[in-house]
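The values are calculated or read from the model by the stated rules, or taken from the named source; none is laboratory data. Only a predicted model underlies this, so the values are computations on that prediction, with no experimental measurement involved. Here the Cβ positions follow ideal geometry from the backbone for every residue, glycine too, while neighbour counts run over all protein chains shown. Surface accessibility is based on the protein's heavy atoms, side chains included, excluding ligands, DNA and RNA. Shrake-Rupley method; radii C 1.70, N 1.55, O 1.52, S 1.80 Å.
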Amino acid sequence: MLTTVWDEDDIELIKTIGLLSGYFGPLAARALERRSWCGGSDALLWLAERVTGWGRVYVVESLCTIGSTAARPWMLRRACDGDYLNRYFAGEVAAAAHLHEAITAANPDSELVDHTGLLLTIMADSSGTGITLEHYPPASAVLEAHCEHAGRLEPSVERFVIAAQLAEHLHHPAAERIAWPEGGRERVLSGYLSLLDRDDWCTVARAGLAAGDHRVTWLAGALAPGLGLRAFSVNDE
């Protein structure tokens with residue numbers, strides 16, 4: 001019944017119901033969409049901060065549908081939490097939040113750059129679930145901007161892994177279907193590989209490997225040989 005009426009007095013009740021997102025997520029999200037004119041979008045954003053799994057999918061998709069201006073900063077920096085189900089909405093977030101405009105600006109903040117990298121890796125692996133990089137028109141410009149801005153940040157294990165995943169995807173035949181300017185794919189791939197081979201980035205990756213960080217252990221075995229990453233080269237240690 002709450003999804004078919006418009007009463008704004010129901011918003012607090014719907015928010016509470018929405019916290020049981022595994023069962024009532026779709027209904028709560030739709031009910032708040034109907035009330036976007038009277039605080040529903042703020043309530044959706046409140047829920048988005050508090051739900052995970054399928055509940056997060058429903059709520060974030062509703063935020064993308066209503067195009068909430070107030071929610072855009074959150075969508076650009078926190079929409080994805082790394083869950084596999086993020087694949088269902090990552091591309092929608094990139095489009096609805098105008099990621100291209102945000103990341104190609106002169107000085108995006110580090111949280112935006114990091115979340116952009118996460119969005120891109122998710123979209124690179126979203127075939128069959130959501131919008132892929134090959135079907136996201138600004139993909140080439142967003143990848144180039146992310147690579148450039150990431151190079152200005154301090155290295156971290158997470159940043160290293162994301163850069164390596166994107167470099168691996170650019171090696172993949174599917175990346176050829178992105179709308180690249182002439183020489184664009186090679187230029188961005190070279191940019192990521194140069195970043196990954198920087199001394200300070202190699203030091204962070206090696207420290208992560210020595211500490212047994214599962215992300216770096218996976219990367220060293222699965223991606224590093226094909227990419228020829230210096231951080232894991234025995235001859236360079």
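The protection proxy used here, the mean number of other Cβ atoms lying within 10 Å of each residue, ranks peptides 85-93, 179-187, 164-172 as follows, highest first: 85-93, 164-172, 179-187.
Note that the chain presents 48 Å² accessible area per residue, ligands and nucleic acids not counted, probe 1.4 Å. How far, in degrees from 0 to 90, does helix 21-34 lean away from the longest principal axis of the Cα atoms of the chain, to the nearest 10? Its long axis makes an angle of about 70 degrees. The accessible surface of the chain, taken with every protein chain in place and a 1.4 Å probe, is 53 percent carbon and sulfur. Taking the 0 to 90 degree range and rounding to the nearest ten, how far is the long axis of helix 157-171 tilted relative to the main principal axis of the chain, both from C-alpha atoms? The angle comes out near 80 degrees. Radius of gyration over Kirkwood radius for the stretch 88-237, both on Cα atoms: the Rg/Rh ratio is 0.96.
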